[in-house]
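Single-structure report; data block below.
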Amino acid sequence: MGQFNGDLGWMATAPEDSAYGTAGATIDMQYQQGISASLKWNENRNIPPTLGSTDAHPGIQLATWWAGTWLLGHTDEEDEVGEIYANVASVSSQVYTMGGTPDKASLTYFTDLNGVEYVFDGGIVQGITWNLSASEFSTMSLDLIGQGVSKWGGASRTPTRPPATEIITPGDLGTFTIGGVSLASCIKGATINWAWPTTDIGRQRLGSTEIPQPIRVGRQTVAATFNLELDSGSNANTVDILDDLLDNSSLGTIILDNFTLGGCVATGELPDLASGLIDVTLSVAGTGLLVTTT
């Protein structure tokens with residue numbers, strides 16, 4: 001039996017204000033601009049290492065956790081994405097410093113599959129990728145890991161979905177500067193990625209089958225790729241950017257819409273020589289990322 005897209009369910013989040021892994025309160029749920037969810041229940045299941053039998057054995061569950069991705073329509077609305085950003089950033093006046101001390105230690109992720117709701121608790125954001133397009137709606141993909149999964153046993157909820165008009169469109173992306181110089185007339189798309197690896201099942205403790213709260217390890221990374229047209233004209237001088245690549249010179253601060261990438265250097269490559277429009281794939285690495293909500 002076929003299903004219409006509108007019948008397939010909804011996605012929501014809620015902060016965990018109690019102990020880690022204690023599902024967030026229903027009253028605190030924020031419904032998201034959900035596109036798709038791929039959260040998988042994982043378990044370590046091994047056969048006991050004992051001698052004396054060749055019979056088949058299903059194995060015994062040793063440890064459990066969940067992990068996967070969420071794909072959302074990208075929006076700048078504070079009341080939709082604010083708590084997601086607060087799990088990976090410090091916040092001041094709706095400006096989120098990614099990698100700062102999180103305001104929300106963990107989130108619960110609610111996923112409704114055509115009327116059957118699953119609750120993924122202990123959710124930690126390991127990374128976020130934003131895709132900004134000149135021809136499509138913008139999206140944001142969350143890389144997630146968490147502790148437990150349960151099936152909602154209460155009455156079916158009536159979701160309050162945010163209006164789709166709040167998803168960022170190409171016309172909303174009018175600001176693009178590198179080192180204070182506007183190149184807005186030559187950018188055709190961008191991918192921005194922030195990531196900070198966390199511990200996983202390797203931090204498992206004796207006395208439990210559930211992973212303890214993941215903690216951030218190593219260094220956070222800030223990277224982006226911009227699709228630009230090769231041009232040497234004013235307000236579109238990508239040739240100067242290639243000069244910085246060859247000189248290993250700092251690009252400074254890059255601003256695209258509500259994203260501010262600090263300490264950027266070019267890490268891309270020279271464009272290919274070909275007929276037609278010539279594109280510059282400008283890849284950068286940065287030292288910091290600010291995301292502003294409205």
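From the list Ser208, Ser185, pick out the single residue that is over 24 Å from the mean Cα position of the chain (by Cα) and closer than 30 Å to Ala67 by Cα. Full working, then the answer.
Details: Ser185 fails: closer than 30 Å to Ala67 by Cα.
When all the criteria are applied, what remains is Ser208.
If I ask for residues that are β-branched (Val, Ile, Thr) and part of a loop (DSSP other than H, G, I, E, B), which ones from the range 272-287 would you list? Correct list: Ile278, Thr287. With respect to being farther than 19 Å from Leu289 by Cα, more than 19 Å from the chain's Cα centre (by Cα) and in a loop (DSSP other than H, G, I, E, B), Ser150 falls outside the description. The residue of the range 177-215 that is surrounded by the fewest Cβ atoms within 10 Å (Cβ to Cβ), among those that are more than 27 Å from Leu144 (Cβ to Cβ) and in contact with a Phe, Trp or Tyr (Cβ under 8 Å, 6 or more places away or on another chain), is Ala184.
If the condition is being hydrophobic (A, V, I, L, M, F, W, C) and modelled with pLDDT under 90, then the range 236-262 contributes Ala236, Val239, Ile241, Leu242, Leu245, Leu246. Does the range 270-279 contain any residue that is within 19 Å of Asn193 (Cβ to Cβ) and free of Cβ contacts under 8 Å to residues at least 60 places away in the same chain? No: the range 270-279 contains no residue that is within 19 Å of Asn193 (Cβ to Cβ) and free of Cβ contacts under 8 Å to residues at least 60 places away in the same chain.
Any idea which residue in the range 53-99 is surrounded by the most Cβ atoms within 10 Å (Cβ to Cβ), counting only those that are outside any strand (DSSP E or B) and among the hydrophobic types (A, V, I, L, M, F, W, C)? Walk me through how you get there before you give the answer.
The initial filter retains those residues of the range 53-99 that are outside any strand (DSSP E or B), namely 53-59, 74, 76-88, 93-94, 99.
With among the hydrophobic types (A, V, I, L, M, F, W, C) added as a condition, the list becomes 56, 81, 84, 86, 88.
On the way: Ala56: 6, Val81: 24, Ile84: 24, Ala86: 19, Val88: 27.
Filtering the range 53-99 for residues that are outside any strand (DSSP E or B) and among the hydrophobic types (A, V, I, L, M, F, W, C), the one surrounded by the most Cβ atoms within 10 Å (Cβ to Cβ) comes out as Val88.
Among the conditions (1) in a strand (DSSP E or B); (2) farther than 17 Å from Ala224 by Cα, the only one that Asp143 does not satisfy is (2).
Within the range 145-159, restricting attention to residues that are among the aliphatic types (A, V, I, L, M) and in contact with a strand residue (DSSP E or B) (Cβ under 7 Å, 6 or more places away or on another chain), the residue that is surrounded by the most Cβ atoms within 10 Å (Cβ to Cβ) is Ile145. A single entry from Ser38, Ser18, Ser53 fulfils the requirement of being touching a Ser or Thr at 6+ places or on another chain (Cβ under 8 Å), among the hydroxyl-bearing types (Ser, Thr, Tyr) and free of Cβ contacts under 8 Å to residues at least 60 places away in the same chain: Ser38.
Restricting the range 185-238 to residues that are in a loop (DSSP other than H, G, I, E, B) and among the charged types (D, E, K, R), the residue that is nearest to Leu270 (Cα to Cα) is Asp231. I need the full set of residues from the range 258-271 which are polar (S, T, N, Q) and assigned to a loop (DSSP other than H, G, I, E, B), in order please. Hits for the range 258-271 are Asn258, Thr267.
The values are calculated or read from the model by the stated rules, or taken from the named source; none is laboratory data. These numbers come from a predicted model, not from an experiment. All Cβ positions, even for glycine, are placed from backbone atoms using ideal geometry, and neighbour counts span all protein chains on display.
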